[in-house]
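A short write-up of the structure that comes next.
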Amino acid sequence: MSTIPSRDDLARTNRIFEQEVIEKGDYGALQRVYTKDARALPPGAETVRGRESIQAFWKQAVAEREVHRRVEAGRRRLEVARRHLERDFVAPSRSEAQSKR
């Protein structure tokens with residue numbers, strides 16, 4: 001069994017981010033992307049640990065992004081955005097994350 005994701009796996013993950021997380025604001029969809037004990041390594045910021053904290057990180061990152069350009073061609077859309085990690089992300093405590101479910 002290979003641990004290297006296939007192109008199809010990566011495409012499915014990208015679709016979850018693009019269609020469900022970014023477009024619809026469905027951050028619960030990230031549960032299909034990250035394991036319970038996952039870690040995210042945002043550039044220039046502290047490691048984000050755990051699925052609930054990663055979900056909170058992405059919610060903040062998407063809300064604070066600066067969209068520079070959107071291009072649509074048929075069913076495809078390209079969004080050029082930038083997210084500055086100037087301030088530290090503060091992960092919710094475990095009890096805060098659980099109370100939001």
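Show the residue pairs meeting these rules: Cβ distance below 7 Å; 6+ apart or different chains; first residue within the stretch 1-21 and closer than 14 Å to residue 32 by Cβ; second residue acidic (Asp, Glu).
20/26
Looking at the stretch 42-58, which of the residues that are modelled with pLDDT of 90 or more and either under 17 Å from residue 23 (Cβ atoms) or exposed (fewer than 13 other Cβ atoms within 10 Å of the Cβ) (or both) is nearest to the chain's Cα centre (by Cα)?
55
The values are calculated or read from the model by the stated rules, or taken from the named source; none is laboratory data. Just so you know, these numbers come straight off a predicted model, no measurement behind them. All Cβ positions, glycine included, derive from the backbone under ideal geometry; neighbour counts span all protein chains shown.
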